[in-house]
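Undergrad: Let me give you the structure first, and then I'll get to my questions.
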2 protein chains.
Amino acid sequence: MTTADPISGVFAALADPTRRAILARLAEGEATVAQLGAPFPISAQAISKHLNVLERAGLIVRTREAQWRRVRIEPAPLRDVAGWVAQYRRLWEERYDALGGYLERLQKEEP
Amino acid sequence: MTTADPISGVFAALADPTRRAILARLAEGEATVAQLGAPFPISAQAISKHLNVLERAGLIVRTREAQWRRVRIEPAPLRDVAGWVAQYRRLWEERYDALGGYLERLQKEEP
DNA sequence: TGGCTTATCAACCAAACGGTTTATCAACCG
DNA sequence: CGGTTGATAAACCGTTTGGTTGATAAGCCA
């Protein structure tokens with residue numbers, strides 16, 4: 001993900017099961033970094049890096065609170081993802097019956 | 001994206017603007033590799049690699065046809081992505097009015 | 001047949017990724 | 001105060017990624 005465009009960063013952030021699991025946990029409510037890391041067999045530093053990725057993608061917000069950081073999910077980028085993928089909805093909803101099949105065949109013979 | 005789980009591969013495939021543009025083109029109909037590559041200032045080999053990524057993610061199908069390859073979009077994984085992100089829909093639709101605000105406050109004071 | 005076109009394979013390279021270990025910082029607590 | 005806890009930063013390491021160039025395969029056409 002070398003690019004700067006925002007949605008690429010969101011997709012890249014979501015392309016990791018650990019980060020998706022963190023988001024799933026955060027969907028149930030805020031948590032500290034230690035709480036988020038508990039289920040995973042990796043170091044706290046690695047969790048911190050995952051949180052950096054999620055934060056840069058705009059998917060979470062970290063707020064300092066005494067010696068802890070509270071982490072909160074930020075769903076706006078997911079709304080953007082839903083919007084992007086909705087562009088393709090008709091493709092997977094398309095019926096391969098009379099009309100659909102006809103259009104398909106039409107297109108195939110075009111060139 | 002070292003993991004083998006399918007949706008990670010889909011997200012990773014979508015995390016690149018060139019590949020998303022290729023999908024956008026394919027949403028309008030099948031195309032050859034050369035046609036797909038034309039808009040981009042990169043080599044045909046690089047396009048071929050992008051197609052490999054999309055194919056491994058299940059987002060396209062390539063079929064040989066004389067000396068050309070016809071490339072077709074395969075929308076099923078996008079349906080899966082839509083399903084995944086729909087889990088979070090209530091979060092971005094949540095109203096911050098009486099009820100929503102109350103639940104939020106409740107959660108914050110919990111510990 | 002030989003040559004052209006279309007597409008892929010293979011080897012290589014620099015940059016990014018996901019993890020580690022070590023060091024540091026900030027805030028509570030005894 | 002000093003020690004402990006929670007979290008991050010920095011440096012490092014092996015693998016993956018996105019691109020390149022060069023070689024190769026498959027099929028058309030003159």
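The values are calculated or read from the model by the stated rules, or taken from the named source; none is laboratory data. It should be emphasised that the depicted structure is a prediction, and the values quoted were computed from it without experimental measurement. Note that each Cβ is placed from the backbone with ideal geometry, even for glycine, and that neighbours are counted across all protein chains shown. The accessibility values were calculated without ligands, DNA or RNA, using every heavy atom of the protein model including side chains. Shrake-Rupley method; radii C 1.70, N 1.55, O 1.52, S 1.80 Å.
Undergrad: At a 1.4 Å probe, what is the % contribution of carbon and sulfur to the accessible area of region B:6-109?
TA: Here carbon and sulfur together make up 54 percent of the probe-accessible area.
Undergrad: If the label for B:Ala76 sits 7 angstrom from Cα along the Cα-to-Cβ line, what are its distances to the same label in every other copy, in nm to one decimal, shortest first?
TA: 3.7
Undergrad: Suppose you put the label 7 Å out from Cα in the Cβ direction; list, shortest first and in nm with one decimal, how far B:Ala21 is from each other copy's label.
TA: Result for B:Ala21, in nm, nearest copy first: 3.7.
Undergrad: How far is B:Pro39 from the same spot in each other copy, in nm, shortest first, if each label point sits 7 Å from Cα toward Cβ?
TA: 3.8
Undergrad: With every protein chain kept in place and ligands, DNA and RNA left out, what is the accessible area per residue of region A:6-109? Probe 1.4 Å, answer in Å².
TA: 56
Undergrad: Hey, could you pull the Cα Rg and Dmax for region B:6-109, both in Å?
TA: Every Cα atom of region B:6-109 included, Rg and Dmax give 19.5, 68 Å.
Undergrad: What is the interface area between chains B and A, defined as buried accessible area summed over both chains with a 1.4 Å probe, reported in Å² to the nearest 100?
TA: By this definition, chains B and A bury close to 2900 Å².
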